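This report concerns only the one structure given below.
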Amino acid sequence: MSQDASPPGQRYVPALVPMHYGRVPRLHLDRWSFTVGGATEDGGQTVVDWATLQDLPRRTVHSDLHCVSKVSVAGLTWSGVPLAEIVRLAPPEPGVEHVLFSAAYGYSAAVRLTDLDDPSALLATHLDGEPLTPEHGWPARIVLPHLYAFKGPKWVLAMDYHHTTPRGYWEQHGYHPRGRVEREERYAYRD
Ligand SMILES: Nc1nc2c(c(=O)[nH]1)N[C@H]1C(S)=C(S)[C@@H](COP(=O)(O)O)O[C@H]1N2
Ligand SMILES: [Mo]
C-alpha cells in the first residue's frame, strides 16, 4: 500500500511470515487482560480485560512492517485500539518517558512514550479484517509501523511506565532503544 520507496537498508518480500522465538502461546480470552502499571499517575494498575477493550475507540491503519533483519512487508491493514487511548485511560506520572511492553513467554520491548502518540500506534486485534491468527499474536499485539517490528510484541499482556530507559528482549541483545525505521536505528552502539 505505502510501498513508495524502501526505507534505508530494507528489502520487500511478498507476504508476512511469522517471525518469533519459541512456541506460539495458547491464550484464553476469559483470562486475557492488558495491564497498565509501573509509574502510573494514580500509583495503581489498570486492567483492561477483553470486554473492556471492545468498548474502547478503534482505528484501522494501513502500513508496512519492517523487521530489523532488513525484511519488509507492504500493505498490511491492522485494526485495534490506538495506544494513545490506552495512555489516556491509564496515564503515567509526570516526567515518564518510557514504556516496557511485556508478552507471553517473557518477550518484552522498550518504547519511548512519545512513539505511542503516533496515530498508527495500535493495540491491534485484527489483521486484514480478520482476528489475528495465533502465529501473528492473537488475541492482541502492539503495532508501531514507524518502528522496527521487534518493538511490537505479539501476545502482548502488559505495559509498564518507566522513568529510566528499560531494556526489553532485543534491547538487552544490543538493539536500539528507539528503533525508528526512517533513521535506521537498528543497533545501540557504545562509545
Ligand atoms: N511475543 C513476541 N512478539 C514478537 C516477536 C517475538 O519473538 N515474540 N518478534 C518480533 C519481530 S522481531 C518481528 S519482525 C515481528 C514479526 O511479526 P509477524 O510474526 O507477525 O510476521 O514480531 C515481533 N513481535
Ligand atoms: Mo524482526
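Here are some notes:
- THR125, sole failed condition from (1) within 16 Å of ligand 2 (Cβ to nearest atom); (2) in a strand (DSSP E or B): (1)
- Spans of strands (runs of 3 or more DSSP E) in the stretch 35-119 with at least 1 residues touching a residue at least 60 places away in the same chain (Cβ under 8 Å) and not acidic (Asp, Glu): 59-66, 71-82, 98-103, 108-112
- Boolean, TRP50 is within 18 Å of ALA140 (Cβ to Cβ), away from ligand 1 (no atom under 16 Å from the Cβ) and not basic (Lys, Arg): yes
- Inside the stretch 16-34, residues that are in contact (Cβ under 8 Å) with a residue 12 or more places away in the chain, within 15 Å of ligand 2 (Cβ to nearest atom) and of a type in the set (A, V, I, L, M) make up a count of 2.
- Residue check, SER69 within 18 Å of PRO153 (Cβ to Cβ), within 16 Å of ligand 2 (Cβ to nearest atom), modelled with pLDDT of 95 or more and surrounded by fewer than 17 Cβ atoms within 10 Å (Cβ to Cβ): yes
- Candidates in the stretch 16-34 are the residues that are over 15 Å from ALA149 (Cα atoms) and surrounded by fewer than 10 Cβ atoms within 10 Å (Cβ to Cβ); of these, the one that is nearest to ligand 1 (Cβ to nearest atom) is GLY22.
- In the stretch 128-149, the qualifying residues are those that are assigned to a strand (DSSP E or B) and more than 16 Å from ligand 2 (Cβ to nearest atom), and the one that is nearest to the chain's Cα centre (by Cα) is PRO131.
- Test for LEU76: is it surrounded by 21 or more Cβ atoms within 10 Å (Cβ to Cβ) and closer than 27 Å to HIS173 by Cβ: no
- Residue that is surrounded by the fewest Cβ atoms within 10 Å (Cβ to Cβ) [pool: residues in the stretch 109-141 that are in contact with a helix residue (DSSP H, G or I) (Cβ under 7 Å, 6 or more places away or on another chain) and within 17 Å of GLU85 (Cα to Cα)]: ASP117
The values are calculated or read from the model by the stated rules, or taken from the named source; none is laboratory data. What you are looking at is a predicted structure, and each value in this text was computed from that prediction instead of being measured. Here the Cβ is made from the backbone with ideal geometry for all residues, glycine too, and neighbour counts use every protein chain on show.
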